[in-house]
Amino acid sequence: MERYRAPVRREDRIRAALALELVSASTGVPKEIMQVRSRLDGRACRARWLAMYLAYVTFGWPMDRVAHAFGLNRSTAAAACRWAEDGRDRPAMDDLLERLERCARAVLEAPACELPA
C-alpha cells in the first residue's frame, strides 16, 4: 500500500511537529512512534489523534490541511478529531486538551526570536 502524500508547507510541518511534541510530553508516547505510517497500537494511535485534534482546534486548520500535515488522509483526520471531541465529555480529557491548547498557543504567540547567523 502506497503512503498518502500531499504537498505540505514547511510551516505546517513545524506546527504539526509542535502538536506531536506536546502530546508526546503529556502522554509519554514518543513522537517518532506517532509518526510511523504503519498500523499503530491503541495508545500510540490515540496519541496521534490528540495531536491531529490539537492542530485542528489550535491552528484553526481545515480537515484537509490537518490530514496533509500529518501525512494521512482526510477521513482518518476527521475520525481522529471526532474521537477527541467526544472525549471532551470526560473531565480529564477535556483538561488535558485545554492545557495542550494553551501550551501550543503560548509557543505560537511568543515574539519571534532572531538567531544570529
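The values are calculated or read from the model by the stated rules, or taken from the named source; none is laboratory data. On a predicted model such as this, the values are computed, not experimentally measured, just so you know. So basically every Cβ, Gly included, is an ideal-geometry build from the backbone, and we count neighbours across all protein chains shown. The accessibility values were calculated without ligands, DNA or RNA, using every heavy atom of the protein model including side chains. Shrake-Rupley method; radii C 1.70, N 1.55, O 1.52, S 1.80 Å.
Ordering 24-31, 35-42 by mean Cβ neighbour count within 10 Å, with the highest value first, yields 24-31, 35-42. Using C-alpha pairs below 8 Å separated by at least 6 residues, the relative contact order for the chain is 27 percent.
With N counted as the residues of the range 6-71, its alpha-carbon radius of gyration over 2.2 N^0.38 Å works out to 1.01.
Summary of the geometry: the range 69-117 and the range 36-63, compared by the centres of their Cα atoms, lie 8 Å apart.
Full extension of the segment from residue 95 to residue 63, taken as 0.36 nm per residue of separation minus the current Cα-Cα distance, would add 9.2 nm. Per-atom-type breakdown for the range 41-117 gives carbon and sulfur 53% of the accessible area (1.4 Å probe, protein chains only). Where only DSSP H runs of four or more residues are counted, the chain gives -22000 deg cm²/dmol as its mean residue ellipticity at 222 nm, each run worth -39500 (n - 2.57). With a Förster radius of 30 Å applied to the beta-carbon distance between residue 74 and residue 109, the computed FRET efficiency rounds to 0.60. For the chain, complete DSSP H runs whose alpha carbons reach 15 Å or more along their own long axis and whose mean Kyte-Doolittle score is 0.0 or higher are 10-27, 42-58.
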